[in-house]
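The values are calculated or read from the model by the stated rules, or taken from the named source; none is laboratory data. Everything numeric here is computed off the predicted structure, so don't read it as measured data. Positions of Cβ are generated from backbone atoms using ideal geometry, with glycine treated the same way; all protein chains shown enter the neighbour counts.
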Amino acid sequence: VVDTTTIDLDLLSRLQKRDADTLKSLVEEHVRPLYRAARGMGFRDDEAEDISQDVLATFLETLDRYEGRSQVRTWLFGILYRKVLERRRAQEKDRRYDSIDEVFESRFDEHGHWTKPPADLQRIMESKELGAAITDCLEGLPAAQRSVFVFREMEEIETPEICKILDISVTNLNVLMFRARSRLRECIEARGWGKPK
Amino acid sequence: MIRCKGVARLLTIGEIDQLGFWSRLPIRLHLWMCRHCSRLASQMEGLRLGARNVAGSMNKEEMGDKSLEERVLRKLDSG
C-alpha cells in the first residue's frame with residue numbers, strides 16, 4: 001500500500017518500471033481522495049475524474065524528481081493543486097475582459113435601471129432579413145462565443161453536452177452565451193436594421 | 001427586488017426557462033411591468049428563432065445537394 005509513508009527506493013523503482021500491481025495499488029489508494037478533492041474545489045464530476053487521472057499521470061512522469069521527503073499523498077495533492085490552478089487560469093482566459101461587457105454595463109445606471117434601453121428591432125426581427133443579419137453579425141464573434149452560439153441556438157445542443165464538447169463549465173458557457181447574444185443584438189441594433197425605412 | 005440589469009443579463013444568457021418556478025416568477029412579473037426588458041426578451045427570442053431558421057436554411061441547402069453524402073462516402077472509401 002502506497003499511503004502515508006514516504007516512497008522507498010524499491011517502491012520508486014517498481015513505479016518507474018510501471019509494475020502493474022504497484023500501479024494498481026497506487027490508483028486504488030489515491031484516486032478517490034484526489035477525485036473528492038477536485039470535486040470539493042468546484043469541478044464537475046467528469047472534470048474531477050479527468051483531473052485525478054491527470055494528477056496520477058504527472059506523478060508517474062515526474063517520479064525522477066521525487067526526493068522522498070514527502071508522503072505520496074502530499075506529493076499527489078501538490079500536483080493536484082497545480083493542476084487546479086492551471087485549469088482555473090485556462091477558464092479565466094475566457095472570462096477576462098471583453099468590450100461587450102462594457103457595452104452592456106453602459107446601458108444601465110448604478111441602480112440597475114435602463115439608461116439606454118434596447119432600440120425597437122421589431123421590423124428586422126419579423127422580417128426575412130433577420131437570417132442575413134444574424135449570419136453577417138456572427139462573423140464578428142470571437143471563436144468561442146460563436147461556437148457556443150452555434151451549438152446552442154443553431155444546433156440546439158443541450159448545455160451539458162456543449163460543456164463536454166468545449167470542456168468548459170456551465171458558468172463559463174453562460175459567460176460565453178451572454179457575450180455572444182449580447183454582441184449579436186448590439187450588432188443588429190448598431191447597423192440600423194431596427195430603424196424603419 | 002430584481003432590477004432591469006439582472007433581468008437583462010438572464011435574458012441575454014437565455015436560460016430563464018431552465019430556472020425553477022419560484023426563480024422565474026419575479027422575472028415574469030418584471031417583464032410584465034417593464035417594457036424595455038420585455039422588448040429585450042422579444043429580441044432575444046427573435047434571435048433564437050432567427051438562428052434556428054438560419055440553421056434550417058443551411059439544412060435545406062444541404063438536403064437539396066444530395067451528392068454531399070455520395071462525396072463523403074467516396075472520400076471514406078478512397079481513404
* Look at the stretch A:170-185 and say how many of its residues are facing chain B (nearest Cβ under 7 Å) and either in contact (Cβ under 8 Å) with a residue 24 or more places away in the chain or not polar (S, T, N, Q) (or both). => 6
* Check on A:E126, on the phi > 0 side of the Ramachandran plot and of a type outside the set (S, T, N, Q) -> no
* **Candidates B:L73, B:L68, B:L31, B:L25, filtered to the one that is modelled with pLDDT of 90 or more, more than 10 Å from every other protein chain (Cβ to nearest Cβ) and either over 19 Å from the mean Cα position of the chain (by Cα) or on the phi > 0 side of the Ramachandran plot (or both)** => B:L25
* Looking only at residues in the stretch A:69-108 that are assigned to a loop (DSSP other than H, G, I, E, B) and surrounded by 12 or more Cβ atoms within 10 Å (Cβ to Cβ), which one is modelled with the lowest pLDDT? -> A:S70
* Selection from the stretch A:118-150 of residues that are under 22 Å from the mean Cα position of the chain (by Cα), surrounded by fewer than 19 Cβ atoms within 10 Å (Cβ to Cβ) and either at the interface with chain B (Cβ under 10 Å from one of its Cβ atoms) or aromatic (F, W, Y) (or both) -> A:V150
